[in-house]
Each structure stands twice: as C-alpha cells, then as structure tokens.
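Report on one structure; see the data block that follows.
Taken together, the values in this text are just the output of simple stated rules run on the coordinates, not laboratory data. For clarity, every value in this text was computed on a predicted model and none was experimentally measured. Positions of Cβ are backbone-derived with ideal geometry, glycine not excepted, and every protein chain shown enters the neighbour counts.
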Amino acid sequence: MNINWFKYASPASFYPLAGKMIPWFAVPAVILAVIGLIMGLFILPPDFKQGESYRIIFIHVPAAWMSMVIYLAMAFWAIIGMVWNSRLSSMMATALAPTGAIFCFLALWTGALWGKPTWGTYWVWDARLTTQLILLFMYFGYMALHAAIEDPRRAARASGLLAVVGAFNVPIIYFSVQWWNTLHQGASITPTKSEMAASMASVMLIMAIAAWLYSIAVTLKRVRCEILDRERHAAWVAELSTEAK
Amino acid sequence: MLQVSGLFCERGDRQLLNGLSFTLKPGQLLHVRGANGAGKTSLLRIIAGLLLPTAGDVLWQGKPTQQQREDYHGDLLYLGHLDGVKGDLSCIENLRIDNELLGAEISEASMMAALEKLGLSGFEEVFAKQLSQGQHRRVGLCRLLMSQAKLWVLDEPFNALDVKAVGLLAGLIEVHLERGGMALLTTHQDVPLSTERVSEITLGQV
Amino acid sequence: MLAIFHTILARELTLGLRRKADVLMTLFFCVIVASMFPLAVGPEPALLKTMGAGIIWVAALLASLLSLERLFSADYIDGTLEQMIISRHPLALIVFAKVVAHWLTTGLPLVLISPLLALQYGLEVQDGLVLVATLLIGTPILSLLGAVGAALTLGLRGGGVLISLLVLPLFVPVLIFGAAAVDDAAAGLVIEGHFSLLGAMLVSALILTPWAVASALRISIE
C-alpha cells in the first residue's frame, strides 16, 4: 500500500481527515478514564501509609507526564514547521499549547491538594512541583507571545522558535531544580516508598493512555478550528460553509 | 539577473500578490506601480529578503536567494521607507558603519566625497538627528555612491528630496544602469529617467 | 569577519557612551531593588547574610531584564536593523557583537557594583568575591538568552512585560547555580562544580543563542 502522506500535510485535506479521526481517540479516552478512575478511586485498597489521599496521584502523575510530553511535542512540530515551512505543523504546535498548560495546571493543583494531608501545607517547594510551575510559566509565555502578534504567520513562527529554545532549556531547568531541591533537602512527591504495586501501576498506565488519547483528540479538534480560522478565505472553506447551509 | 516567479503574498486578510512573475536583466529598471496598499512595499521587501512570500521564488543569478543569503545580500542595496541612519551618530560615523555592512571597503576620502556629492559637506561631524528630513534622507542615499551592488531596490527614493536632489538621484540611477546594474523602484512621481531602459508593472490589477 | 564584529561593537559602545543615562539607570535600578529587601524583611544581620546572595542575584536579573527591551528596538525604529539583516555579513555575528556590547554596558557594571551590595548584606569578603565571579560568568548568559526574548518581542505592544514572561523561566538554572555557589562557599563546601556548570551554560549559550536571535529577528522584521 502506498499512501501519499504529504497529501495530508495540506490543511485542506487534513481538515476532513482530522474530523474523522477525533472519535477514534475521544471515545477510548473517555472509556479508559472512567475505568481508570473507578479502579483508582474505589476499587484499589487504601495505601497503608497515606490512606485515601494517595489516590490523587492517578491524576497527578499522568498530568505531569503529559505536560512535559506536550511541550516537547510542541517543539517537535515547531521544528518540522520551520524546516519544511509547513503551515499545518505550526498549527499543530499552536493547538497543543492550551492542552499542555491545562495538564500542567492540573498537575500543580492536584499536587497542592495532595500536599495538604501529606505535608500539612498546600505548597511545598518540591522539585517536581517547582519544575511544573516553571513549565506553566513557559506555556504562558508561549501563549502570550502567540496572542501578542497579530499576523498569524509571524505569530506561528515566533512562538515556534520560542518553543524550540524552551525545549532546549527544559532538561537544564529540570536538572537544576532537582539539584537545587536535594541541596536544600526539600520534600518530594513519591507515591510510596515501597515499590508500586502492580495493580497501582496498571491503573496509572490506563490513566496515562487516557490522557494521551484525550490530548490527541482535543488537539485535532483545535487544529480544525485553527485551520478554518487561517484559511477562511480559501475556496474549500467557502464550499464547506455552503454545504453546511 | 533577477527572476521572480509565481510570487504570492498575503498580509492580514488581503491577498497582495497573486502569482507575480517577472525577469530583470542587467541595465534594466523596473518601475513598480500601484495604488496605496497594492503591495509595492511588500514586493520590494520580499525581493530584499526581509519578507517571506507565502509562495513563490526569488532567484538571483539562477539560484534561490534564500540559499545564498550572504552572497545575494552582497549584491543587493535596499533603501526602504526608513533611512537606516542612526541619529546619535554623526554623518561620517553612519557612513563608516554602512561601509562595513555593505562590504564596500572604500576609503575615508571616498566617504567624504560621497557626503560632498550629496550636498552634506560641512555636516560630516554633525549628529544625524540634528539634520533636516531631506538631509537625513541624503545620508542614507550615500550608500548608492558607496556600494558596488548590482541590484538596487529603492522604495520611494524621491520622497522628502528637493528638486536638485531628485535630479542627482536620477543621474545616479542612470549611471548605475549604464554600468549594467539593475534597479527596482516605486515612486508616485514620474520617473525622471530616459525611457528605453525603464519597464513598468502595475500591482493590484486583475 | 572580525572587522564587522569590531565595527558593530564599536558602534554600540559609542552609542552607549552617548546615552549614559540608560546605562546608569540599569545600575541604579539594581541598587534600589537590592536596597528594598532589608526594608521589607527587616535589618536582622543574620537573615540578610543568608539571603544576600539570592537577593543580589535576583536584583541583577531584573536589572538586566529591564535593559533588554532597548537592545534592538532603537535600531528597529530607525531602519538600521533592516540594513544589518540584509548586510553581506552573517547576521548571527552582528547580533553577537550587539549582545557583547550590551553586556559590557549593562552586565559588567552590575558585576562591578556587586561588591558594594555584598557589603550592604554583610557577606564575608571571600563570599563576596565568589558572588562577583558567579555574576561575571552568569550575566553574559542572561544577556544572550535575553536577546532571544528581545528579538521575538520586537515591535510588539507591551514588549517589556512580555520579554520578562518569556525569558525569566529560562534564567532559572543560572539563578540557581549562581546563588547556590555563594551559599555553598559560605558553608565551606567545594564550589568548583557550580562554576563548571555555569561555564558549560555560558559556552552553549555563546554557541547557540546568536543563531536563535538572528532567526528571531528575521521573523520579527516582517
């Protein structure tokens, strides 16, 4: 089978394809999230040390993972967009940012909620929370730059470059914060000191997959909006709207 | 030789250039015409490499300009709406920096001569911010005398110039063309040049 | 190649000398910010001593941030930036000369004034010297990374605030290692590691950022 992948690099042909793909990601995402949450919140036994409060890590950890992955994905699409001058790639980068920021915020929020019963305070300068906070600032910077530039092409190129520079710095920031944290002997979020039970690990995995699928579905949805917005003068968009009427 | 092929350009919601193509040969001048907002400045900035077209190519000596940026810029002289003259530097200091940026490598005496030719003798050590608008513009125009560029891209070069300076500039362009140079220019005035070398395109017409 | 670097550097320094107020403003800003903290947290000598290095680093960070907006904007407004972009010389080299000049006129004065601030916070002489050394390696990184932000936000409304949002997160590693070196020196620990890490960051910033700035300027000039 010989598929011409480059055909789908054009916004006009990607738009309907993305539309068809969304349910294939969205439906499993919902199913897996429901399964994962039921198992994580109700079926698994409470932790012998932390009691019920440990259950929040089933949201916290996948969200934290996702927020990192999405930043790197943004930089990846930005690089593709720069090298091949492909508009669709830069639209992908733009579409990923809000989802990444939401996961980042979710990780911080759940981290704070977990901190209250565990450390007795909502905020501790723990290495992972601090990295998440800085990452959230980077997402905000990306989105603020994109929003500040009126010309859509300049906005995409400038914020894409920022994402690439940021992605270079993410590992440096991550390790410096880790090091800073061990230096000052701060607290750290770790589920349990003993090795994670297999049942816990599998729930975590289910939730992580759900987060991936959700991110893809939402990003595709957002890319579709972005395509319509940027191509609103193209003939095929006009045809689309007359068909709808 | 400058070749422009299938150039498209969008600014905001408007389609400015729709597959524009032309070729400019040595000794030719292209007068770009069009109403305000027709995309004259955008076209010139695309050719200068300051603006990326939505689609299409600009070829210099048969090669895309983006693949030979520094070589192409060595052959190019661009004067835009902004003079590119630093107010906090004196006229001669401005020229020294232009000399280096253009890679012209001309002597101090030639720079003085350029200033003199443009009627700025006595102003060498004066800060550019203290000059009148026309004089300020002339400091920028000194580049025409300094550079050995083959391609001149001039956006409204006659603006803010008095009659004498307009004549002088027209003369410079003519000499440049006679030497086998090429030029693109936009102007709302009639081009005071002998017509056999001048061709015209008008933007914004369907 | 060297001639263009030299010319642009000389140009920037001449302009810096002719606009001394800008240079001095950055310096005073740093001193004032550093002087606000004792007023806010109280004049407890022991407290100030532990916080000193961190505060001076943050003050230097904010001061160099303040000066970043000017890095390209004046050249953007009068069209000289355009001429640099279409110069026959590599833009990255021109940019590098501009950043070096920026550091010489803002970063270096901050380094030179820092012993005075160290004195205000009662740091030991040795620790003060370590502070000066970290600033000497760290502030060029701030100028280089900051130039990327300045180039990306060129000509945008509210550019100054936006630059802060873009580059402050990137400054975090420099801040951490810079301030920690002083703390560890005060605690009698080995600090060679901090300096090698700062040095590595400086080298990679020197190699990579001029290209990023050049691309950013090409995007912003459109």
For this session: Provide Rg and Dmax in Å for the stretch C:19-154, with only Cα atoms included in the calculation.
Result: 16.9, 58
Exercise. What is the P(r) of chain A, as percent of Cα-Cα pairs per 5 Å bin from 0?
Worked result: 1, 6, 12, 15, 16, 15, 12, 9, 7, 4, 2, 1, 0
Exercise. Among A:Ser199, A:Ser53, A:Ser89, which one moves the most in a GNM of chain A with springs linking Cα atoms closer than 10 Å?
Worked result: A:Ser199
For this session: Compute the long axis of helix A:87-119 from its Cα atoms, compare it with the longest principal axis of the Cα atoms of chain A, and write down the angle in degrees, 0 to 90, nearest 10.
Result: 20 degrees
Seminar exercise, completed: The answer for chymotrypsin sites (Phe, Trp or Tyr not before Pro) in the stretch A:10-56 that fall in a DSSP coil and have at most 12 neighbouring Cβ atoms within 10 Å is A:Phe48
For this session: Quick one: compute the contact order of chain A, relative version, from alpha carbon pairs under 8 angstrom and 6+ residues apart, as a percent.
Result: 33 percent
For this session: Quick one: which residues, 5+ away or cross-chain, put their amide H under 5 Å from the amide H of A:Val124? H built at 1.01 Å from N.
Result: none
Problem set entry | Listed residues B:Pro53, B:Pro64, B:Pro157, most fluctuating in chain B (Gaussian network, C-alpha, under 10 Å) | B:Pro64
Exercise. Tell me, what is the percent relative contact order of chain B, built from C-alpha pairs under 8 Å that lie six or more residues apart?
Worked result: 31 percent
For this session: Sort out for me the Cα centre separation of the stretch C:114-150 from the stretch B:26-75, rounded to whole Å.
Result: 46 Å
Problem set entry | Residue of C:Val41, C:Val100, C:Val172 that the Gaussian network model of chain C assigns the largest fluctuation, springs spanning Cα pairs under 10 Å | C:Val41
Exercise. Listing C:Val161, A:Val203, C:Val132, C:Val111 from the residue with the fewest other Cβ atoms within 10 Å to the one with the most, what is the order?
Worked result: C:Val161, C:Val132, C:Val111, A:Val203
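Across peptide C:176-186, how many C-beta atoms of other chains are within 10 Å of each residue C-beta, on average?
Mean inter-chain Cβ contacts per residue within 10 Å come to 2.
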For this session: Go through B:Lys40/B:Lys150; B:Lys25/C:Lys98; B:Lys40/B:Lys63; B:Lys63/B:Lys117; B:Lys25/B:Lys164; B:Lys86/C:Lys20 and tell me which ones have a Cα-Cα distance over 27 Å in this structure.
Result: B:Lys25/C:Lys98; B:Lys63/B:Lys117; B:Lys25/B:Lys164
Exercise. Can you list the HN-Hα couplings for the stretch A:162-168, worked out from phi with the Karplus curve (6.51, -1.76, 1.60; θ = phi - 60°), rounded to whole Hz and with x for Gly and Pro?
Worked result: 4, 4, 5, 4, x, 5, 4
For this session: Can you tell me the 0 to 90 degree angle between the C-alpha axis of helix C:125-152 and the longest principal axis of chain C, rounded to 10?
Result: 30 degrees
Problem set entry | Inter-probe distance in nm under a simple model that places probes 7 Å from Cα toward Cβ, at B:Lys164 and B:Gln61 | 3.9 nm
For this session: Work out the length of the dipole vector of the protein assembly as shown about its Cα centre, built from +1 on the beta-carbon of each Lys and Arg and -1 on the beta-carbon of each Asp and Glu, and round it to the nearest 20 debye.
Result: 1300 debye
Exercise. In chain B, which longest range has no GluC sites (Glu not before Pro) that are both DSSP loop (not H, G, I, E or B) and surrounded by at most 11 other Cβ atoms within 10 Å?
Worked result: B:1-104
Problem set entry | Of all DSSP beta bridges in the protein assembly as shown, antiparallel share, percent nearest 5 | 50 percent
Exercise. In the protein assembly as shown, with Lys and Arg counted as +1 and Asp and Glu as -1 at Cβ, which of these residues, A:Ile173, A:Thr118, A:Ala210, has the Cα nearest the positive end of the dipole, that is, farthest along it?
Worked result: A:Ala210
For this session: Report, to the nearest 10°, how far helix B:163-178 tilts away from the longest principal axis of the Cα atoms in chain B, using its own Cα long axis and a range of 0 to 90°.
Result: 60 degrees
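Relative contact order, percent, of chain C when contacts are C-alpha pairs under 8 Å separated by at least 6 residues?
Reported as a whole number, the value is 27 percent.
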Exercise. How large is the dipole of the stretch B:2-202 about the Cα centre if only Lys and Arg carry +1 and Asp and Glu carry -1, each at its Cβ, rounded to the nearest 20 debye?
Worked result: 420 debye
For this session: Please order C:Ile86, A:Ile22 by the number of other Cβ within 10 Å, starting at the fewest.
Result: A:Ile22, C:Ile86
Exercise. Thinking of chain B as a set of Cα atoms, what percent of all their pairs are more than 22 Å apart?
Worked result: 49 percent
Exercise. What FRET efficiency would be calculated for the residue pair A:Ala235, B:Ala113, taking the C-beta separation as r and a Förster radius of 51 Å, to the nearest 0.05?
Worked result: 0.35
Problem set entry | Charge-dipole axis of the protein assembly as shown as Lys and Arg at +1 and Asp and Glu at -1 on Cβ define it, positive-most pick from C:Val23, A:Val237, B:Gly37 | A:Val237
Exercise. Considering only DSSP beta bridges with both partners in the stretch B:2-202, what is the antiparallel share in %, to the nearest 5?
Worked result: 45 percent
For this session: Return the average number of partner chain Cβ atoms within 10 angstrom of each residue Cβ along peptide C:154-165.
Result: 3
Exercise. Hey, got a sec? Which trypsin sites (Lys or Arg not before Pro) in the stretch B:131-184 land in a DSSP loop and have at most 14 other Cβ atoms within 10 Å?
Worked result: B:Arg179
Seminar exercise, completed: Per its Cα gyration tensor (rounded if a/c is under 1.5, else prolate when a/b beats b/c, else oblate), the protein assembly as shown is best filed as oblate
Exercise. For labels at B:Lys129 and A:Ala198 in the simple 7 Å Cα→Cβ model, what's the distance in nm?
Worked result: 7.6 nm
Exercise. Taking each residue of B:47-55 in turn, how many C-beta atoms of other protein chains fall within 10 Å of its C-beta, and what is the average?
Worked result: 3
For this session: First check a/c for the stretch A:29-80, with a ≥ b ≥ c the square roots of the eigenvalues of its C-alpha gyration tensor; if it is under 1.5, answer rounded, and if not, answer prolate when a/b is larger than b/c or oblate otherwise.
Result: oblate
Problem set entry | Euclidean distance of C-alpha centroids, the stretch B:151-186 and the stretch C:1-53, integer Å | 46 Å
Problem set entry | Spacing of the two label points (7 Å from each Cα toward its C-beta) at A:Gln50 and C:Lys49, in nm | 4.0 nm
